[in-house]
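The values are calculated or read from the model by the stated rules, or taken from the named source; none is laboratory data. Remember, predicted model here, so these are calculated numbers, not experimental data. Glycine gets a Cβ as well: all are built from the backbone with ideal geometry, and neighbour counts include every protein chain shown.
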Amino acid sequence: MHIHILGICGTFMGGLAVLAKEAGHKVTGCDANVYPPMSTQLESQGIELIQGFDPEQTKLNPDLYVIGNVVSRGNPLVEEILNRSLPYVSGPQWIGEHILRNKWVLAVSGTHGKTTTSAMLAWILEDAGYAPGFLIGGVPMNFGISARLSGKIDGKSADSDFFVIEADEYDTAFFDKRSKFVHYHAKTAIMNNLEYDHADIFPDLHAIETQFHHLVRTVPGIGRLVFNGDEASLQRVLARGCWSEKESFGQDANWQLQEQADGSFDVYFNGQQEGHVAWALTGKHNRSNALAAIAAARHVGVPMAQACASLATFESVKRRMEVRGVVNAITVYDDFAHHPTAIATTVGGLRQKVGDSTRILAVLEPRSNTMKLGAMKDALPGSLKDADLVFGYGSHAALGWSLGDALAPLGKIASAYEDIDTLVAAVAASARPGDQIVVMSNGGFGGVHQKLLEALGR
């Protein structure tokens with residue numbers, strides 16, 4: 001089959017392209033901007049890339065157009081596809097029909113933690129010899145790639161029965177804005193948490209809960225739902241109906257943990273200690289992610305103690321508290337956090353790690369669609385309470401609201417900038433040896449990480 005992918009340079013659709021190529025399909029694709037590193041990765045696989053969305057691309061005559069969530073109505077190629085009744089599907093539908101149909105799918109959903117939890121789960125299965133395939137919205141450092149069809153067993157390619165997938169509630173909300181993650185047909189499903197997000201797609205929390213219940217309805221009776229028992233929103237989802245086994249994790253749940261002073265923790269299942277996790281990751285949220293991954297791995301046969309031991313060698317995910325450099329004893333981290341809850345857990349986890357005597361400088365770019373709509377701006381000050389200094393980047397023209405006004409409740413510790421170089425200069429002037437600078441954005445942030453490292457080295 002020849003598929004032509006619209007929006008191929010996104011993480012999800014780029015991963016889909018790699019999977020399709022591995023499965024023996026001819027793959028071409030286009031995007032508004034074709035540039036490294038994704039373009040390099042895809043072209044090395046023999047995938048032809050086209051800049052832009054010219055309707056002339058229909059002359060490629062693919063068997064099917066696979067449309068990503070970056071694409072909207074008014075896109076000239078989409079309009080041509082619709083006008084001519086050419087065959088198209090979403091990315092998740094194509095993956096469901098052509099990659100996942102005969103797999104035991106382990107799907108990880110939630111507002112936060114999907115990428116890290118998926119990476120943990122894939123690594124646990126890999127370490128146990130399952131050689132899983134996976135599609136993850138980031139690059140797990142243990143693998144160095146975001147997607148693969150399957151791994152190797154004894155050095156030979158294996159046709160694994162297991163596939164780990166990051167299941168986002170908007171996968172893929174292409175131009176018709178319908179949730180597509182129901183196509184994954186998971187037998188093991190994790191629901192980490194559920195908060196209001198994606199304000200450009202969903203009007204309120206209730207609407208997102210409905211999407212999550214669509215996912216619940218697809219899990220078979222032999223399947224298992226691993227859910228955060230501390231989340232009232234998930235309780236409401238399950239109260240609508242559940243036809244699968246359930247296991248909870250949290251404070252008063254099937255799966256619990258006992259934290260140790262060094263950040264390691266003991267794992268308990270139904271009141272019995274089953275293992276110990278010793279690792280370098282920070283934050284309560286990551287310990288919760290780990291519990292979910294251990295529980296999901298147990299559903300496919302990985303012993304609990306073994307799963308705990310595997311996490312000792314888990315190396316996290318790029319752009320999840322990734323150290324970008326240390327200059328003059330000042331550490332610069334890069335993190336994907338872009339929702340107030342994620343910002344709070346990121347900064348709070350770092351605070352727990354470094355203690356109260358070390359300064360944390362938070363550098364923030366609120367650029368997600370939800371933030372641009374102003375739905376979460378009032379929550380920003382509270383999410384940054386563990387930081388000593390806060391530097392925000394974003395213009396009123398780009399956001400539709402004043403970042404400086406939103407950060408004003410933080411007082412003198414917070415400042416806002418509309419120019420990257422001015423921001424970098426301010427951070428560099430404020431930083432001193434021992435400081436921890438955490439840069440948070442779901443985009444490239446204008447290359448601010450390297451600019452900061454260079455400025456700190458002068």
Problem - Residue that is in contact with a Phe, Trp or Tyr (Cβ under 7 Å, 6 or more places away or on another chain), under 30 Å from Gly447 (Cβ atoms) and not assigned by TED's automatic domain parsing to the domain that holds Ala342, where the choices are Gly46, Gly15, Gly68 - result: Gly68
Handout entry: Residue within segment 228-237 that is buried (at least 17 other Cβ atoms within 10 Å of the Cβ), of a type outside the set (Val, Ile, Thr), modelled with pLDDT under 90 and not assigned by TED's automatic domain parsing to the domain that holds Thr11 present
Key = no
Practice task
Return a yes/no flag: does segment 95-116 have any residue that is crowded, with 16+ Cβ neighbours inside 10 Å and on the phi > 0 side of the Ramachandran plot.
Solution key: yes
Practice task
Could you tell me whether any residue of segment 272-287 is of a type outside the set (Phe, Trp, Tyr) and farther than 21 Å from Trp123 by Cα?
Solution key: yes
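Quick grid of which residues meet (1) in contact with a Pro (Cβ under 9 Å, 6 or more places away or on another chain); (2) crowded, with 22+ Cβ neighbours inside 10 Å; (3) part of a loop (DSSP other than H, G, I, E, B):
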{"position": "Gly14", "(1), (2), (3)": "no, yes, no"}
{"position": "Gly24", "(1), (2), (3)": "no, no, yes"}
{"position": "Lys59", "(1), (2), (3)": "no, no, no"}
{"position": "Asn69", "(1), (2), (3)": "no, yes, yes"}
{"position": "Arg73", "(1), (2), (3)": "no, no, yes"}
{"position": "Glu79", "(1), (2), (3)": "yes, no, no"}
Exercise for the section: Specify the residue that is modelled with the lowest pLDDT; the eligible residues are those in segment 164-187 that are within 17 Å of Ala292 (Cβ to Cβ) and not in a helix (DSSP H, G or I). Expected result: Glu169
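Residue-by-condition table, conditions (1) in a helix (DSSP H, G or I); (2) outside the structural domain of Gly113 (by TED's automatic domain parsing):
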residue	(1), (2)
Leu257	no, no
Asp266	no, no
Trp279	no, no
Gly301	no, no
Gln306	yes, no
Tyr333	no, yes
Exercise for the section: Look at Ile95 and say whether it is part of a helix (DSSP H, G or I), of a type in the set (Val, Ile, Thr) and more than 27 Å from Val34 (Cβ to Cβ). Expected result: no
Handout entry: Residue within segment 410-427 that is aromatic (Phe, Trp, Tyr), within 30 Å of Asp200 (Cβ to Cβ), in contact (Cβ under 8 Å) with a residue 40 or more places away in the chain and part of a strand (DSSP E or B) present
Key = no
